[in-house]
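See structure below.
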Amino acid sequence: MQGLLALLFPAVLMLFAMAMDKVQSRLDRLAVSREHVEDFLATAGSDDVDTLAREGMPAALDELRTRRVTKHETATGGRDEFDEPHRSPQRAS
C-alpha cells in the first residue's frame with residue numbers, strides 16, 4: 001500500500017499543480033490594476049456603473065474604453081497612425 005502511495009503521490013501532485021496554474025491564469029486574465037480602477041472611477045458615468053454592477057470590472061472597463069475610442073474617432077475622423085490597439089493588462093508569472 002505504501003509503495004502504491006509513493007508511486008501515485010507525484011502524479012497527483014503534478015495534476016494539482018496544473019489545475020492551480022489554470023486557475024491562476026483565469027484570475028490573471030480578470031486582474032485589474034489600481035490605476036485602471038482609479039481612472040474608471042474618475043471618468044465613469046451611471047451607465048458604466050450599471051455595467052460594473054452587472055458584469056464586473058473588466059467588462060465595465062472595456063465598455064468605457066470602447067466609448068472613448070468611438071468618441072475620439074468621431075472627433076478626429078479616424079485613428080491616428082501611431083495609435084496601438086488596446087491590449088488587456090497581464091502580469092508576468
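State which residue is surrounded by the fewest Cβ atoms within 10 Å (Cβ to Cβ) when the search covers only the stretch 1-58 and only residues that are of a type in the set (Ser, Thr, Tyr) and touching a helix residue (DSSP H, G or I) at 6+ places or on another chain (Cβ under 8 Å). It would help to see each step written out before you state the result.
Residues of the stretch 1-58 of a type in the set (Ser, Thr, Tyr): 25, 33, 43, 46, 51.
The next check asks that each one be touching a helix residue (DSSP H, G or I) at 6+ places or on another chain (Cβ under 8 Å); those that pass are 43, 51.
Values: Thr43: 11, Thr51: 19.
Among those residues, the one meeting the criterion is Thr43.
Among the residues of the stretch 8-35, write down those that are at pLDDT below 80 and assigned to a helix (DSSP H, G or I). Write out each step before concluding.
Filtering the stretch 8-35 for residues at pLDDT below 80 gives 28-33.
Correct list: Asp28, Arg29, Leu30.
How many residues are modelled with pLDDT under 75 and surrounded by 13 or more Cβ atoms within 10 Å (Cβ to Cβ) when one looks only at the stretch 59-72?
Keep residues of the stretch 59-72 that are modelled with pLDDT under 75, which gives 71-72.
Filter again for surrounded by 13 or more Cβ atoms within 10 Å (Cβ to Cβ), leaving 72.
Residues in the stretch 59-72 being modelled with pLDDT under 75 and surrounded by 13 or more Cβ atoms within 10 Å (Cβ to Cβ): 1 in total.
The values are calculated or read from the model by the stated rules, or taken from the named source; none is laboratory data. All values derive from a computational prediction rather than experimental measurement. Positions of Cβ are generated from backbone atoms using ideal geometry, with glycine treated the same way; all protein chains shown enter the neighbour counts.
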